[in-house]
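Participant: Here's a structure for you.
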Amino acid sequence: MSMNPMSQRLGPWLRSRLPYLDPVLLAVVGVLSLVGLATLYSAASDHPGRFGEQLRNFGLAFVLMIAVAGLSPRTLKRLALPVYAIGVLLLIAVLVAGVSVKGAQRWLDLGVRIQPAEIMKLGVPLMLAWYFDRREGAVRRMDFVVAALLVLAPVALIARQPDLGTAMLVMAAGFFVMFFAGLPWLWLAVMIGGAVASLPVGWMLMHDYQRNRILTLVDPMSDPLGKGFHTLQAMIAIGSGGVFGKGWMQGTQTHLEFIPERTSDFIFAVYSEEFGLIGNLVLVILFMVLVGRALAIALQASSSFTRLLAGAIAMILFTFAFVNMAMVSGILPVVGVPLPFISYGGTALVTLGMACGMLMCVQSNRKLVQM
Amino acid sequence: MKLLRNPEREVFYFRTRLLVAALVVLAGFVSLVMRFAWLQLVRHHEFYEQAEQNRIARVPLTANRGLIKDRNGEIIAKNYSAYTLEIAPNQVQNLDATIDELAKVVPIEPRDRRRFHKLLDDYKRLDSVPIRTRLTDVEVARFAAQRFRFPGVELRARLFRQYPLGDTASHVLGYIGRISTGDEDRIDKFNNPRDYEGTEYIGKIGVESSYEEFLHGTTGFEQVEITAGGHPVRTLARSASTPGHNLILSIDIKLQEIVERAFGDRRGALIAIEPDSGDVLAFVSKPTFDPNLFVDGIDPLSWDGLNNSPDKPLLNRALRGTYPIGSTYKPFLALCALELGKRRPDSVTYDPGYFWYAGHEFREGRAPKGGYGNVDLHRSIVVSSDVYYYVLANDLGVDAIHDCMQPLGFGQLTGIDLEGELTGVLPSSEWKERRFHQKWYGGETISIGIGQGYNSFTLLQLAHATATLANGGVVMKPHVVRAIEDPSTGKLQPTVPSEGARIQLNPRNLEFIRDAMVDVDLNGTGRAAFAGATYRAAGKTGTAQVVGIAQNEKYNESKIDERHRDHALFIAFAPAEPGARPRIALALLVENGGWGAMAAAPIARAVFDYYLLGKIPPPPTPAPHDGADEPVAAADAKGRP
């Protein structure tokens, strides 16, 4: 049999890593992956290649998850600064020599095309957790200013591409670390107040397409065939699913191509149309278990670095899932955020796999008091 | 100050933050679940309907328009399928450049371009505008091979209306054209406006318009599952269309052709009616036009040509031209005189060639010097004495004339099944009061007697009255459509009314008038035209003044501008032997034709010869109104129009 040597070596490697894998996390990620693959199979019925590619992406993500799970927190800590630095350099390179796709310069062609902004989704929390860990026990107010600058530099670069969705996610990731590191409540209040106050300024700085997305959120019927089409058709898909859904592979909105981006950002509409409210509840529960488990891991984490990292990752996972579902169901404007484990796309899965790996790493090292 | 490390305190703070975070997570997911419940429970029905609407397209299946046939079954309007080349304007960046490129593949005439731009301007909501119609097989193949170069340009098979006889009978047939904004209001009033979903054409004038609802048919529908891009996936349900009804005209298209040929280049109108049914056998308005020009949208140049021509080919003269009818009015007036007891057949009036009334001299048009002398009622018709009718009109008075003529249909709508019929004017003192707020002057009655003055009738009214006269006073509503045929069952639904009104007339008076009119064609003004006829025809010539001739001036045809010459008229029916049932009655007018006897009567002869004897007249001779009439008129000085 031609079981290739690589898979022969994979077996023992997996077995050696088994103790590091968190069963709850592994189970929930596994179920989510199966749900995701089933949904994609239906959503991508007219792109048969995508299912196979996604299967491969999942394989890659799992391998990365297991690999990262086996690292020691110290290694993660050591990687924080280089990953962040390389990420920032790549972001600068994107602005200088990036590839434009659909009017946005997000990709860098280094033999393989990579999206450096994606690195920052984990690079920024890693960097900030490392920074606060170094200041352990002596975190001063000034440290939050430094942390804010560390966040805002890549965020500004990403926003310039422009990729507002990713910029906001990266900013959120950094914010979560600062929040768990003890950002004073007063500052938090001021930041929230400031964000609200700066909305009009933000509006003026926005691109037209970004403004349109917000306008269509307010009133999707204002332009049902144009700007509001995506949101409206997604809402029709969700609403028409009803309690039990139309059944797997039976969604008319999906299979008659009314749902835009139905394999990637809008795949939740496909899921929702075919599996209904019951399916949505199941999915929400799965995500709550995922996030809850991540928060529990943070709770049990032994060091400042792992606490902050696990807490931030928990909230990042929440943000991804919440923002995507809220966007597709029409309560948030359309931003390019994939639904974790469900949306088609290798980059997001790789990020998710590594994030889960980090959580497992934190969990398996919880008892080591000092590093 | 250096802070002391306090791990317990730090962990406590962190746990507080975790709790806050957990609450945020919970709040976020709960709000999502609420949103899902809102969409999937509360608004489920509404969204389900929208998804179904998205999914299912109702595609109208346009019905075949009914055919139009003449009374003998000859098809005069039909449909044929042909390819058109159409451009979707919103999918094409530069229309003119695209058309230039297209012109290299299939021939595109300047008139195609003009029509395209006109359609584009007129019908902004059209998603596809034809640039070329009726492509040949070769052109279809050439375009198909180059199709990839022309996004937004499509080849479509469409049903077209065709009028195979071209400009024959165009004023009866009318034409169809693209539905305009005005037509949409009309459609809303139809019984089944939904039948017009997917319909592009509608009858504009003629029977195409007046029988639109019969011709159109019932539109079928197909429910098709479509993708967001509009591509059909499968058919869910289907209801077939029902073709429109066929019209059987009462028109004899051969007769119609003969009349149109007999008119040649002259302007005018002729209506021939079968008296006992009201069937319109011929309905001619000259010049005609080619209705095929209108079907795909007429190009502006052709339109200007038709619309601005001094001959007014688009004017339906038979239906909408109102004229004084001259001496053709006399037999009707004679009948009134007999019916009212104002004249007996032997009543004699002396005709010195003029008539004085209140200091005005009314002259005999073209009488021999000294007039006709003693004229009885019979001779008044045969020689067409004006003075006789000046006196008679004066004796009757305008209101008695009005009341007698009204039942005969003068100045009334005949109710023919064509739209746009005009009423004309049958004057009365009440009418003048209403119209001009003036009283009637006795002098105005005098010229009423010879069909002039305020008299203004359509040729259709005149033909209708002649048919009523021939039919013994039984009024049959004239109609051009004889029956409506259901194409699936072949069942005919006749439109012919059993009997309209009946005017109580003394049969002896009718016979008297008929015999006088027969004498017109034997010995009077119609004798030249009816020389050698093997049947008896009753007729009456008429000449209607177009411009007033000064009292001291004699009408001289050769000196007057052609457009100011008199109109030539003729009414007739045949056969007119005692006891015979007349099979055809007609009225005709040749605009600026001059004398009725010369210009109009020969056309009537050709009609009767064909209709009664089946004789096809020889190819048309050059129009006889150019110069040829003068010597004949001189030789036939007794015959008066």
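Every number here is computed from the coordinates shown, using simple stated rules; none is lab data. Quantities reported herein were computed from a predicted structural model and do not represent experimental measurements. As a convention, Cβ positions derive from the backbone with ideal geometry for all residues, glycine included, and neighbour counts pool all protein chains shown.
Participant: Just tell me which aspartates and glutamates come within less than 14 Å, Cα to Cα, of B:Lys286; anything on the same chain fewer than 8 places away is out.
Facilitator: B:Asp167, B:Glu257, B:Glu260, B:Asp265, B:Asp311, B:Glu591
Participant: Answer with one residue from B:Val375, B:Ser456, B:Pro313: the one whose Cα lies farthest towards the positive end of the charge dipole of chain B, charges on Cβ with Lys, Arg +1 and Asp, Glu -1.
Facilitator: Most positive-ward Cα: B:Pro313.
Participant: Follow-up question, since we're still on this one. Full-extension gain between B:Asn94 and B:Gln438, please, as 0.36 nm times their residue separation minus the C-alpha to C-alpha distance.
Facilitator: 117.4 nm
Participant: How large is the convex hull of the C-alpha atoms of the stretch B:1-113 per residue, in Å³?
Facilitator: Once divided by residue count, the hull of the stretch B:1-113 is 312 Å³.
Participant: Now, a different point. Taking N as the number of residues in the stretch B:59-249, what value does Rg over Cα atoms divided by 2.2 N^0.38 Å take?
Facilitator: 1.12
Participant: Run through the stretch B:49-158 and list the trypsin sites (Lys or Arg not before Pro) located in a DSSP loop whose Cβ has at most 11 other Cβ atoms within 10 Å.
Facilitator: Counting only loop positions with at most 11 other Cβ atoms within 10 Å, the trypsin sites (Lys or Arg not before Pro) in the stretch B:49-158 are B:Lys104, B:Lys124, B:Arg125.
Participant: Between beta-carbons, use under 13 Å as the cut-off and find the net charge around B:Gly449, counting Lys and Arg +1, Asp and Glu -1.
Facilitator: So the environment of B:Gly449 carries a net charge of -2.
Participant: Would you mind putting A:91-97, B:453-459, A:284-290, A:124-130 in packing order, based on average other-beta-carbon counts within 10 Å, highest first?
Facilitator: Result, highest mean first: A:124-130, B:453-459, A:284-290, A:91-97.
Participant: Hey, fewest Cβ within 10 Å first, where do A:Val155, A:Val101 land in order?
Facilitator: A:Val101, A:Val155
Participant: Another question, then. So if a site counts as exposed when it's one of the trypsin sites (Lys or Arg not before Pro), its DSSP state isn't H, G, I, E or B, and it has at most 14 other Cβ atoms within 10 Å, what's the longest stretch of chain A without one?
Facilitator: The segment A:141-366 is the longest one with no such site.
Participant: Kirkwood-based Rg over Rh for the stretch A:44-168 (C-alpha set), two decimals?
Facilitator: Radius of gyration over Kirkwood radius for the stretch A:44-168 works out to 1.04.
Participant: Taking only DSSP H segments of four or more residues, each worth -39500 (n - 2.57), what value at 222 nm results for chain A once the sum is divided by all its residues, to the nearest 500 deg cm²/dmol?
Facilitator: Using -39500 (n - 2.57) per qualifying helix, the result is -24000 deg cm²/dmol.
Participant: Residue by residue through the stretch B:38-53, what is 3J(HN,Hα) from phi via Karplus (6.51 cos²θ - 1.76 cosθ + 1.60, θ = phi - 60°)? Round to whole Hz and write x for glycine and proline.
Facilitator: Working through the residues one at a time gives 4, 6, 9, 10, 5, 9, 4, 4, 4, 6, 4, 4, 5, 5, 5, 4 Hz.
Participant: Next question, about the same structure. How many partner chain Cβ atoms sit within 10 Å of a residue's Cβ in peptide B:10-23, on average, as a whole number?
Facilitator: Going residue by residue through B:10-23 and averaging, the value is 5.
Participant: Please give the Cα centre distance for the stretch A:235-293 versus the stretch B:207-228, rounded to the nearest Å.
Facilitator: Their Cα centres are 40 Å away from one another.
Participant: Order these peptides, B:596-603, B:374-381, by their mean beta-carbon neighbour count within 10 angstrom, highest first.
Facilitator: Highest mean packing first, the order is B:596-603, B:374-381.
Participant: Moving on to the next point. Can you work out ³J(HN,Hα) from phi for every residue in the stretch B:412-422, in order, using Karplus 6.51 cos²θ - 1.76 cosθ + 1.60 and θ = phi - 60°, giving whole Hz and x for Gly and Pro?
Facilitator: 10, 5, 7, x, 4, 7, 10, 8, x, 4, 9
Participant: Using 7 Å Cα-to-Cβ label points, what is the B:Ala37/B:Gln53 separation (nm, one decimal)?
Facilitator: 2.8
Participant: Can you sort B:Thr62, A:Thr263, B:Thr541 by how many other beta carbons sit within 10 Å, fewest first?
Facilitator: Listed from fewest to most nearby Cβ atoms, that is B:Thr62, A:Thr263, B:Thr541.
Participant: Taking Cβ-Cβ under 4.7 Å as the only way to count a partner, pick out the unpartnered cysteines of the protein assembly as shown.
Facilitator: Cys with no partner Cβ under 4.7 Å: A:Cys356, A:Cys361.
Participant: If you place +1 on the Cβ of every Lys and Arg, -1 on the Cβ of every Asp and Glu, and leave all else neutral, what size is the dipole of chain A about its Cα centre, to the nearest 20 Debye?
Facilitator: For chain A, the charge dipole is close to 1260 debye.
Participant: Still on this structure: Roughly what % of Cα-Cα distances in the stretch B:317-427 sit above 19 Å, to the whole percent?
Facilitator: Tail of P(r) above 19 Å: 51 percent of Cα pairs.
Participant: Among B:Thr423, B:Thr242, A:Thr306, what is the fewest-to-most ranking by other Cβ atoms within 10 Å?
Facilitator: The order, fewest Cβ neighbours first, is B:Thr423, B:Thr242, A:Thr306.
Participant: What's the local net charge at A:Glu257, with K and R +1, D and E -1, over the other residues with C-beta under 14 Å away?
Facilitator: -2
Participant: With unit charges on the beta carbon (Lys/Arg positive, Asp/Glu negative), name the residue among B:Pro618, A:Leu89, B:Gln91 whose Cα is farthest towards the positive pole of the charge dipole of the protein assembly as shown.
Facilitator: Positive-end residue among those listed: A:Leu89.
Participant: If you fit an axis through the alpha-carbon atoms of helix B:110-122 and take the longest principal axis of the Cα set of chain B, what angle between them do you get, 0 to 90°, nearest 10?
Facilitator: Relative to chain B, helix B:110-122 is tipped by roughly 70 degrees.
Participant: Tell me what chain B gives for mean residue ellipticity at 222 nm when only DSSP H runs of n ≥ 4 count, each as -39,500 (n - 2.57), the sum divided by the residue total, rounded to 500 deg cm²/dmol.
Facilitator: -10000 deg cm²/dmol
Participant: Follow-up. Residue by residue through A:326-339, how many Cβ atoms from other chains fall within 10 Å of the Cβ on average?
Facilitator: The mean count of partner-chain Cβ atoms within 10 Å per residue comes to 1.
Participant: Next up: Per the Kirkwood formula on distinct C-alpha pairs, the Rh of the stretch A:21-364 is how many angstrom?
Facilitator: 20.7
Participant: Binning at 10 angstrom from zero up to the longest distance, how are the C-alpha pair distances of chain B distributed in percent?
Facilitator: Going out from 0 Å in 10 Å bins, chain B shows 3, 14, 21, 19, 13, 10, 7, 5, 3, 2, 2, 1, 1, 1, 0 percent.
Participant: Computed FRET efficiency, Cβ-Cβ of B:Val496 and B:His45, R0 45 Å: what is it to the nearest 0.05?
Facilitator: That pair, B:Val496 with B:His45, gives E of 0.20.
Participant: Once you sort the root eigenvalues of the Cα gyration tensor of the stretch A:1-109 as a ≥ b ≥ c, which label holds: rounded (a/c under 1.5), prolate (a/b larger than b/c) or oblate (the other case)?
Facilitator: Since a/c reaches 1.5 but b/c is at least a/b, the shape of the stretch A:1-109 is classed as oblate.
Participant: Rounding to the nearest 20 debye, state how big the charge dipole of chain B is about its Cα centre with +1 on each Lys and Arg Cβ and -1 on each Asp and Glu Cβ.
Facilitator: Value, rounded to 20: 1680 debye.
Participant: Same structure, new question: Please compute the average number of Cβ atoms from other chains found within 10 Å of each residue's Cβ in peptide A:293-299.
Facilitator: 3
Participant: Say R0 is 35 Å: what FRET efficiency, to the nearest 0.05, do B:Ala82 and B:Lys615 get from their beta-carbon distance?
Facilitator: It comes to 0.35.
Participant: Amide H neighbours of B:Thr458 under 5 Å, at least 5 residues apart or on other chains, H built in the peptide plane: list them.
Facilitator: B:Tyr323, B:Gly411
Participant: Also: Rounding to the nearest 20 debye, state how big the charge dipole of the protein assembly as shown is about its Cα centre with +1 on each Lys and Arg Cβ and -1 on each Asp and Glu Cβ.
Facilitator: Using Cβ point charges on Lys, Arg, Asp and Glu, the protein assembly as shown gives about 5440 debye.
Participant: Tell me, what is the percent relative contact order of chain B, built from C-alpha pairs under 8 Å that lie six or more residues apart?
Facilitator: 14
Participant: Using a cut-off of under 18 Å, list every residue of the stretch A:130-171 whose amide N is near the label point 7 Å from the Cα of A:Val190 along the Cα-to-beta-carbon line.
Facilitator: A:139-152
Participant: Hey, what does the equivalent ellipsoid look like for the protein assembly as shown, semi-axes from the Cα gyration tensor as sqrt of 5 times each eigenvalue, largest first, whole Å?
Facilitator: 99, 27, 24
Participant: Apply the Karplus parameterisation 6.51 cos²θ - 1.76 cosθ + 1.60, with θ equal to phi minus 60°, to every residue of the stretch A:60-69 and state each ³J(HN,Hα) to the nearest whole Hz, in sequence, with x for glycine and proline.
Facilitator: After applying 6.51 cos²θ - 1.76 cosθ + 1.60, I find 4, 5, 5, 4, 5, 4, 5, 4, 5, 4 Hz.
Participant: Let me ask you something else. What number comes out for the charge environment of A:Leu95, summing +1 per Lys or Arg and -1 per Asp or Glu over other residues with Cβ under 12 Å away?
Facilitator: Counting the neighbours of A:Leu95, the net charge comes to +1.
Participant: If one computes the Cα centroid of the stretch B:507-545 and of the stretch B:333-403, what distance in Å separates the two points?
Facilitator: 18
Participant: Still on this structure: Which listed residue (A:Ala129, A:Ser329, A:Phe62) has the Cα farthest towards the positive end of the charge dipole for the stretch A:21-364, taking +1 on Lys and Arg C-beta and -1 on Asp and Glu C-beta about the Cα centre?
Facilitator: Projecting each Cα onto the dipole axis, the largest value belongs to A:Ala129.
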